[in-house]
Structures are given as structure tokens and as C-alpha cells.
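The structure is given below, and queries will be raised subsequently.
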Amino acid sequence: MTTEDILKRLADGNARFVADKLSRSLQNRSRRELLIDNQKPFAVVLSCVDSRVVPELAFDTGLGELVVVRVGGNVANKSSVASIEFAVKYLGTKVVVVLAHENCKAVAAACDGGKHSNNIDYLLTYIAPAIKIAPAGAMHNDVAKINARLTVADLTGKSVIIKHAVENEDVKIFPAYYNLVSGKVDFY
Ligand SMILES: [Zn+2]
């Protein structure tokens, strides 16, 4: 599959999800048997952990099609970067989508400040750069979009493997934004 094929596959799957017409294909025993010794997922989705955002549903994908990496605020920390490296280096995945979403609680918490716990506060530090460059009066959803764009840059900035893959045009990375009610994913 070319990058264009993959983006079309994601867009078509999302259109089915938006229309409440999921195909639910490639989710059966024969697919499980086919995948027992290998997998060739065509895309990685770096998503927030939010329960309302489910990449496999949003793109109407089946088993073995997506590598989904989930971390609050869809940030590029060591573990999420390493997980993406794994897909790029060993599974040959050609597209990475950094999926921000509407009404992200992690982004809201980072914007609003205050103390939560050492671990949560540490996670939220990854969202701080987006808040810093957001224009005055930016809404949380705007910060979420900026955060995804910065995360795209972070993936090459923090990983030699991903950087080389992008330079060699083996991988392309896209920011995207999930709308909670429509289910539509906007690439931007
Ligand atoms: Zn979120």
C-alpha cells in the first residue's frame, strides 16, 4: 500500500464510522489464523487514552491493521516513541497518525494548571509546550491541535529511527483531530 492508499483506507473507514455503517471486517477466526505468525499493520495511531476515542472503530479497521499507541494527551514520551519505533522498524508501518481529540481532559488539565499527582503532573508537562505557543485566547481544543502538531515534530526530534524513516520517505506522520459527536477525523 502506498501512503495515498493508506490515507484513503483510513478516510473510507472513518466515513463508514461517521455514517454508522461499520464493516466490522477482518475481525473473525480466519483473520486471527492468518495473523498467527505475522502482521503487517499499515498505520500507527498515537491516541489519547480517552474512552470516547477508539481508533480501531473510528477508522473501521480489523485485526492486524493498526498499531494503536495510547497515552494521555497523545504525547511523545519515551515509551510511546519506542512503541512507534517498533512498528516502523520491525513491522514496516508507513503512516503514523497523531490523533488529538475534542474535549481532551489531559489538555484541559494542563491548561488549567494545579496539582494532581506526581505522575499526572509529569505527563502534563508534555503538553506545556503547546500551551506556551498557543495564541492568546486559544481554546482547549485549539491547544489539543497544536499539541498534536508538536508531537509530530517530537517523534522525529526524539527518535533517530523515525527521523531516518521520514527522511527516506519510508514513513509519513500526520496530525489529526477527532470530533466527539460526529466521529469524524480531520487531518490538518
Ligand atoms: Zn484526551
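The values are calculated or read from the model by the stated rules, or taken from the named source; none is laboratory data. This structure is a prediction, so every number in the text was calculated from the model and none was measured. Virtual Cβ from ideal backbone geometry, glycine too; neighbours counted across all protein chains shown.
When both residues are 6+ apart or on different chains and their Cβ atoms are under 6 Å apart, which pairs have a first residue that lies in the stretch 30-54 and is under 16 Å from Leu66 (Cβ atoms), and a second that is aromatic (Phe, Trp, Tyr)?
Val53/Tyr178
What number of residues within the stretch 63-90 are under 15 Å from Ala176 (Cα atoms) and either more than 15 Å from the ligand (Cβ to nearest atom) or of a type in the set (Lys, Arg) (or both)?
Result for the stretch 63-90: 1.
Is it true that some residue in the stretch 42-59 is of a type in the set (Asp, Glu) and farther than 19 Å from Ser83 by Cβ?
Kept after step one, since they are of a type in the set (Asp, Glu), are these residues of the stretch 42-59: 50, 56.
Retained after the next criterion (residues that are farther than 19 Å from Ser83 by Cβ): none.
The answer is no; no qualifying residue exists.
Okay, moving on. If you check every pair at least six apart or on different chains, which have Cβ atoms under 6 Å apart with a residue in the stretch 102-128 that is assigned to a helix (DSSP H, G or I) first and a residue that is more than 12 Å from the ligand (Cβ to nearest atom) second?
Cys111/Ile131
Could you grab me the full set of residues in the stretch 66-82 that are over 17 Å from Phe174 (Cα atoms), in a helix (DSSP H, G or I) and either out of contact with any helix residue (DSSP H, G or I) (no Cβ under 7 Å at 6 or more places or on another chain) or at pLDDT below 95 (or both)?
Scanning the stretch 66-82 gives Lys78, Ser79, Ala82.
Within the bounds of the stretch 1-19, is there any residue that is at pLDDT below 95 and not hydroxyl-bearing (Ser, Thr, Tyr)? Explain how you work it out, then say what you get.
Taking the stretch 1-19 first, the residues at pLDDT below 95 are 1.
From the residues that got through so far, the ones that are not hydroxyl-bearing (Ser, Thr, Tyr) too are 1.
Yes, the stretch 1-19 contains at least one residue that is at pLDDT below 95 and not hydroxyl-bearing (Ser, Thr, Tyr).
Name the pairs: first residue in the stretch 63-77 and on the phi > 0 side of the Ramachandran plot and touching a residue at least 12 places away in the same chain (Cβ under 8 Å), second residue near the ligand (Cβ under 10 Å from one of its atoms) and polar (S, T, N, Q), Cβ to Cβ under 7 Å, at least 6 apart or on different chains?
Close Cβ pairs (under 7 Å, with a partner that is near the ligand (Cβ under 10 Å from one of its atoms) and polar (S, T, N, Q)) amount to Gly73/Asn147; Asn74/Ser47.
Another question, if that's okay. State which residue is surrounded by the most Cβ atoms within 10 Å (Cβ to Cβ) when the search covers only the stretch 118-141 and only residues that are of a type in the set (Val, Ile, Thr) and within 24 Å of Asn179 (Cα to Cα). Before you say what the answer is, go through the steps one by one.
Start the filter on the stretch 118-141 by keeping residues that are of a type in the set (Val, Ile, Thr), which leaves 120, 125, 127, 131, 133.
Adding the requirement that they be within 24 Å of Asn179 (Cα to Cα) leaves 127, 131, 133.
On the way: Ile127: 26, Ile131: 17, Ile133: 12.
Only one residue fits best here, namely Ile127.
For the stretch 91-117, what are the residues that are crowded, with 22+ Cβ neighbours inside 10 Å, farther than 27 Å from Ile161 by Cβ and more than 10 Å from the ligand (Cβ to nearest atom)?
Ala110
List pairs: first in the stretch 1-29 and of a type in the set (D, E, K, R), second in a helix (DSSP H, G or I), Cβ under 9 Å, 6+ apart or cross-chain?
Pairs that qualify, where the first residue is of a type in the set (D, E, K, R) and the partner is in a helix (DSSP H, G or I), are Lys21/Ala15.
Name every residue in the stretch 51-65 that is surrounded by fewer than 22 Cβ atoms within 10 Å (Cβ to Cβ) and either at pLDDT below 95 or not in a loop (DSSP other than H, G, I, E, B) (or both), in order of residue number.
Listed by number, the residues that qualify are Glu56, Leu57.
I've got another one for you. Taking the residues in the stretch 24-50 that are in a loop (DSSP other than H, G, I, E, B) and touching a helix residue (DSSP H, G or I) at 6+ places or on another chain (Cβ under 6 Å) as candidates, determine which candidate is nearest to the ligand (Cβ to nearest atom). Full working, then the answer.
The first filter runs over the stretch 24-50 and keeps only residues in a loop (DSSP other than H, G, I, E, B), leaving 24-28, 35-42, 48-50.
From what's left, touching a helix residue (DSSP H, G or I) at 6+ places or on another chain (Cβ under 6 Å): 42, 48-49.
Details: Phe42: 24, Cys48: 3, Val49: 7 Å.
Per the criteria, the residue is Cys48.
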